[in-house]
Amino acid sequence: MTFRTWFCDIDLYGHMNNGSYNLYCDYGRYALAVRLFGLGWFNNGYCVVSTSHIQYIRSLPLFKKFTLRTSVVAANGKNVWFRQR
């Protein structure tokens, strides 16, 4: 998925706020889950992030375009592990 940073994403230092990274990761996970499992899983389950590890490689200034890649690492009966770059 391709996004662009907007005014609501920028902090006082002029780059994307750390909380906005998690928000865009949520968009990516939900979009992939809908593509894989359909809309029916919304009635039967919900997403909970139990652990998150983010490496901030470079800052994202205002109006910077970026691409979020989401993939499934593993899955079992109730859990799905995602990797996002």
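The values are calculated or read from the model by the stated rules, or taken from the named source; none is laboratory data. These figures come from a predicted structure and were not determined experimentally. Because the Cβ atoms are built from the backbone with ideal geometry, glycine has one as well, and the counts that use them run over all protein chains shown. The area values use the complete protein model at the heavy-atom level, side chains included, leaving out ligands, DNA and RNA. Shrake-Rupley method; radii C 1.70, N 1.55, O 1.52, S 1.80 Å.
A few comments on the model shown:
- For F82, residues with placed amide H under 5 Å, excluding near neighbours: V73
- Spin-label model, Q55 to K78: label points 7 Å out along the Cα-to-beta-carbon direction sit 3.2 nm apart.
- Against the criterion of solvent-accessible heavy-atom surface with a 1.4 angstrom probe, R29, R83, R58 sort, most first, into R58, R83, R29.
- Near-label residues of the stretch 51-85 by backbone N, under 17 Å of a point 7 Å along Cα→Cβ of R35: 66-74, 81-85
- Calculated mean residue ellipticity, 222 nm, the chain: -9000 deg cm²/dmol, from DSSP H runs (n ≥ 4) at -39500 (n - 2.57) each, averaged per residue and rounded to 500.
- Range of Cα positions in the chain per principal axis (Å), largest first: 43, 23, 17
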